[in-house]
Amino acid sequence: MEVKGDFFVLLYSKEQNGYITDTMSGMMEKNAGAFIRGRSSDYMVIAIADTRESLEEKKQKLISLRDKNSL
C-alpha cells in the first residue's frame with residue numbers, strides 16, 4: 001500500500017548480499033508482518049529519498065564509497 005507523499009527506502013542485506021528498494025509504508029507493513037509472525041531479517045535501511053531516482057543516485061554513491069573503503 002503506497003501512501004501519498006511516501007518516501008522511498010534502500011535496504012541492504014549482508015546475508016543476501018543484495019539491495020531492496022521499497023516505500024517507507026511498504027517496509028513498515030512488511031516489518032510489522034514479520035514481527036507478528038516472529039521472524040527476523042538482517043535488512044537494514046541505508047538510505048531514504050523522496051524519489052526513486054534520487055534513491056538510486058544515493059545507492060550508487062554508497063556502493064562506490066564501500067568499494068573504495070574495502071581496498
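The values are calculated or read from the model by the stated rules, or taken from the named source; none is laboratory data. Computed from a predicted structure; not experimentally measured. Methodologically, a virtual Cβ is constructed for each residue, glycine included, from the backbone with ideal geometry; neighbour enumeration extends over all protein chains shown. In case anyone asks, the SASA skips ligands and DNA or RNA and just uses the protein heavy atoms, side chains included. Shrake-Rupley method; radii C 1.70, N 1.55, O 1.52, S 1.80 Å.
Structure notes:
Conditions (1) in a loop (DSSP other than H, G, I, E, B); (2) surrounded by fewer than 10 Cβ atoms within 10 Å (Cβ to Cβ), marked per residue:
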position	(1), (2)
Gln16	yes, no
Thr21	no, no
Asn31	no, no
Phe35	no, no
Asp42	yes, no
Asp67	no, yes
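- Residues within the range 45-55 that are touching a Phe, Trp or Tyr at 6+ places or on another chain (Cβ under 9 Å) and either touching a residue at least 60 places away in the same chain (Cβ under 8 Å) or of a type in the set (Asp, Glu) (or both), tallied: 1
- Residues of the range 1-14 satisfying the condition of being open to solvent by 80 Å² or more (accessible area, probe 1.4 Å) and over 16 Å from Glu57 (Cα atoms): Met1, Glu2, Lys4, Lys14
- Among the residues of the range 1-44, the ones that are in contact with an Asp or Glu (Cβ under 9 Å, 6 or more places away or on another chain) and in contact (Cβ under 8 Å) with a residue 40 or more places away in the chain come to 4 in all.
- In the range 44-65, the residue that is nearest to Phe7 (Cα to Cα) out of those that are surrounded by 11 or more Cβ atoms within 10 Å (Cβ to Cβ) and of a type in the set (Gly, Ala, Ser) is Ala49.
- Ser40 among the hydroxyl-bearing types (Ser, Thr, Tyr) and modelled with pLDDT under 95: yes
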